[in-house]
Amino acid sequence: MYTGIELREPIFEIGFKAALYGAKAVELAKSADRISEKYDVPIIITAQCVDIYRIAKETSKILVFAQHADSLTVGKGAGSVLLEAVKDAGAVGTMLNHAEKRLVLSEINRTIRRAEKVGLATMVCADSPEEGLAVAHLHPNIILTEPPDLIGTDKSVGRKNKGFVLESVEKIKSIDPRIVVFSGAGIRNGKDVGDIIRLGAGGTGSSTGVLNAKDPAGMIEEMVAALKEAWSETR
């Protein structure tokens, strides 16, 4: 398990997906940077690979992650995302196995092992507590469990399926208590964030809820404040 950066709970993650890029991505990342410092809460930004360098250069508090990386080594592999290049650009980690970029378990394992050698943290997505349990045996830094049917909706997993969150935390922690367990999907406001943290998760995140908000920076602050408040109440 890679421990080169501080993954201090609770953590908030914002996924830019293919919706936010370029100058607008940098500006929102800079807002997240200020909010991370204000609330003393680590914020992960999963950015387009082409934006990693500029975002990392213009921020100091946020943790910049790639949205995906491949397990190949330096050499052949046109069109692939090289872990060494991700790190050199300024990222400190990579997401793997998002519902929109699925990987088989063997490839997840290979990429985690390569990331460890390169010096990058890994956040692996799982679509069920059972998949989270399987991934836990690979010992990434973070496992993010999300029911696919709720991703991008306004139905928070913490409201619609509390058992999903509780079971995810229990199963993953039973294998490796060092893993930070996130749960998400359908997170649209601060209340949704607080619900997830009060169910035992070490973090959560939002893409649609932040990016589609009238004031994305304001929504980040609302969510991070709620995360910290819920954590203080329950830990």
* Asked: What are the residues whose amide H is under 5 Å from the amide H of I11, where those residues sit 5 or more places off or on another chain and H is modelled from the backbone?
  -> G203, T204
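Arrange the peptides 82-88, 213-219 so that the one whose residues have, on average, the most other Cβ atoms within 10 Å appears first. Before the final figure, lay out each step's value.
On the way: 82-88: 18.9, 213-219: 14.6.
Final packing ranking: 82-88, 213-219.
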* Contact order relative to length of region 18-64, as percent, for alpha carbon pairs under 8 angstrom and 6 or more apart -> 47 percent
* To do: Pull up all non-local amide H partners of L63: gap of 5 or more, or a different chain, and H-to-H distance under 5 Å with H placed in the peptide plane.
  => I43, I44, I45
* Percentage relative contact order, region 113-173, counting C-alpha pairs under 8 Å, at least six apart -> 35 percent
* Asked: Expressed as a rounded percentage, what relative contact order does the chain have, with Cα pairs under 8 Å and six or more residues apart?
  -> 19 percent
* In whole Hz, with x marking every Gly and Pro, tabulate ³J(HN,Hα) for region 16-22 from phi via Karplus 6.51 cos²θ - 1.76 cosθ + 1.60, θ = phi - 60°. => 7, 6, 9, 9, 9, 7, x
* Structure fact -> Long-range amide H partners of S207, meaning residues 5 or more apart or on another chain whose placed amide H is closer than 5 Å, are G15
* For region 103-235, take the alpha-carbon Rg, divide it by the Kirkwood Rh, and send me Rg/Rh. => 0.98
* **Extended-chain gain in nm, criterion 0.36 nm per residue less alpha-carbon gap, D215 and K76** => 45.7 nm
* Determine the distance separating the Cα centre of region 173-235 from the Cα centre of region 47-88; give it in Å without decimals. => 25 Å
* Asked: Measuring from a point 7 Å past the Cα of R178 along Cα-to-C-beta, which residues in region 93-130 have an amide N at less than 20 Å?
  -> 93-96, 108-125
* Structure fact -> For the pair A134 and Y21, the simple spin-label estimate (label points 7 Å beyond Cα toward Cβ) gives in nm 3.1 nm
* Asked: Which ³J(HN,Hα) values, rounded to whole Hz and listed in residue order, are derived for region 80-92 from phi using the Karplus coefficients 6.51, -1.76 and 1.60 in 6.51 cos²θ - 1.76 cosθ + 1.60 with θ = phi - 60°, glycine and proline given as x?
  -> 8, 9, 7, 4, 4, 5, 4, 5, 4, 6, x, 6, 10
* Near K191, which lysines are there with a Cα under 18 Å away, not counting those fewer than 8 places off in the same chain? -> K155, K160, K162, K214, K228
* Hey, what D do you get for the chain in µm²/s if you plug the Kirkwood alpha-carbon radius into Stokes-Einstein at 4 °C and 1.567 mPa s? -> 75 µm²/s
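Restricting to region 70-164, what percent of DSSP beta bridges are antiparallel, rounded to 5? Working shown, then result.
Details: 0 of 8 bridges.
Percent antiparallel among DSSP bridges in region 70-164 is about 0.
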* Once you have a ≥ b ≥ c as the square roots of the Cα gyration tensor eigenvalues for region 94-155, tell me rounded if a/c is under 1.5, and otherwise prolate or oblate according to whether a/b is larger than b/c. => prolate
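Every number here is computed from the coordinates shown, using simple stated rules; none is lab data. Keep in mind that what you see is a predicted model, and the values were worked out from it rather than measured. Please note: Cβ atoms are built from the backbone with ideal geometry, for glycine as well, and neighbour counts cover all protein chains shown.
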